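K.L.:
Shown below is the structure under consideration.
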Amino acid sequence: MTTDMHHHPEAQTQEQDLANEESATWLFGYGSLIWKPELPFVDAQPARIDGYLRRFWQGSEDHRGTPEAPGRVVTLVPDRQGRCDGVAYLMNNVDIEQTFAQLDHREKNGYTRLTLSLKLGSETTSESQEIVQGITYIANENNEAYRGPAPIKQIAEEIFHSVGPSGTNIEYLLELAEALRARAIDDPHIFALETEVLALLQQS
Ligand code: SIN
C-alpha cells in the first residue's frame with residue numbers, strides 16, 4: 001500500500017477514498033448475494049466475470065433443503081466461453097474479517113473463496129468499464145453437497161419440492177430470476193427454470 005502525503009481524503013467520496021487507498025475489497029455476488037446481500041458495503045455496481053456460467057448445480061442442505069432432501073442453489077461452473085453477470089459489492093477493510101466470518105458461515109455448505117477479475121460497470125451505458133480483483137464464493141464439484149448437472153425439468157422438480165431453514169427453494173429461484181430481470185441480466189438457465197417452476201405452481 002502506498003502512502004500519499006499530499007492526499008486530501010475530504011475532497012473525495014468515501015467510495016473513491018476506499019478504492020484508492022486499497023482499504024476496501026470487492027465481492028462478486030451472483031446468487032442470493034444479489035437479492036439478499038445482508039452485508040455491510042459502501043458501493044454496489046453491476047459486474048461480470050468471464051469463464052464461468054451460473055448453474056443450479058450446488059446442493060443446499062442448510063438453507064433451502066435438508067441433508068435428507070437437499071435443495072438446489074447456484075454455483076459458478078467453469079466454461080471457456082461463459083460469462084456470468086452479477087453484482088460487485090465494495091466492502092470496507094476495517095470490518096472485513098467480521099464480514100468474511102459471516103459470509104463463510106452463510107456459504108459453509110460447500111463454498112470456498114476464489115479471487116478473480118471482475119469487470120465493473122454496465123455495458124448498456126457509455127460509462128467505461130473497469131477491471132478489478134475481487135472475491136467470490138464458489139462451490140466446486142469436489143464438495144460433499146455438490147449435485148451437478150441434470151435436465152431442467154428435474155432441477156425444477158427438486159426446487160419445487162425443497163424447503164429448508166431459510167425458506168423454500170422456490171423463493172430462492174424466483175427472487176433470483178426477478179433480481180436478474182430487474183437488472184436487465186439475461187440468463188437462459190435461470191429463466192428456463194423459472195418458467196418450469198411457475199408451471200408446476202400453477203398445476204398444484
Ligand atoms: C452468491 O450469491 O454469490 C453465492 C451463492 C449464494 O449464496 O446463493
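K.L.:
Could you check, for the range 33-40, whether at least one of its residues is more than 17 Å from G164 (Cβ to Cβ), within 14 Å of the ligand (Cβ to nearest atom) and crowded, with 20+ Cβ neighbours inside 10 Å?
P.N.:
Yes, because at least one residue in the range 33-40 is more than 17 Å from G164 (Cβ to Cβ), within 14 Å of the ligand (Cβ to nearest atom) and crowded, with 20+ Cβ neighbours inside 10 Å.
K.L.:
Another question, if that's okay. Restricting attention to the range 176-188, which residues are in contact (Cβ under 8 Å) with a residue 24 or more places away in the chain and buried (at least 16 other Cβ atoms within 10 Å of the Cβ)?
P.N.:
Those that are in contact (Cβ under 8 Å) with a residue 24 or more places away in the chain and buried (at least 16 other Cβ atoms within 10 Å of the Cβ): L176, A179, L180, I185, D187.
K.L.:
For residues that are among the acidic types (D, E), part of a loop (DSSP other than H, G, I, E, B) and open to solvent by 60 Å² or more (accessible area, probe 1.4 Å), scanning just the range 59-118, find the one that is farthest from the ligand (Cβ to nearest atom).
P.N.:
Among those residues, the one meeting the criterion is E68.
K.L.:
So the check is Cβ under 8 Å with 6+ separation or different chains; which pairs have a first residue in the range 92-116 that's touching a residue at least 40 places away in the same chain (Cβ under 8 Å) and under 22 Å from P78 (Cα atoms) and a second one that's surrounded by 14 or more Cβ atoms within 10 Å (Cβ to Cβ) and among the acidic types (D, E)?
P.N.:
K108/D62; N109/E61; N109/D62
K.L.:
Take the residues in the range 119-154 that are of a type in the set (G, A, S) and closer than 30 Å to V197 by Cα; name whichever of them is surrounded by the fewest Cβ atoms within 10 Å (Cβ to Cβ).
P.N.:
Across the range 119-154, the extreme among qualifying residues is G148.
K.L.:
Continuing with the same structure: If you scan the range 139-166, which residues turn out to be touching a Phe, Trp or Tyr at 6+ places or on another chain (Cβ under 6 Å) and either within 13 Å of the ligand (Cβ to nearest atom) or in a helix (DSSP H, G or I) (or both)?
P.N.:
A139, I155, listed by residue number.
The values are calculated or read from the model by the stated rules, or taken from the named source; none is laboratory data. All of these numbers come straight from a predicted model, not from anything done at the bench. Cβ coordinates were reconstructed from backbone atoms using ideal geometry, including for glycine residues, and neighbour counts include every protein chain displayed. Each accessible area value is taken on the protein alone, full model and side chains, heavy atoms only, with ligands, DNA and RNA left out. Shrake-Rupley method; radii C 1.70, N 1.55, O 1.52, S 1.80 Å.
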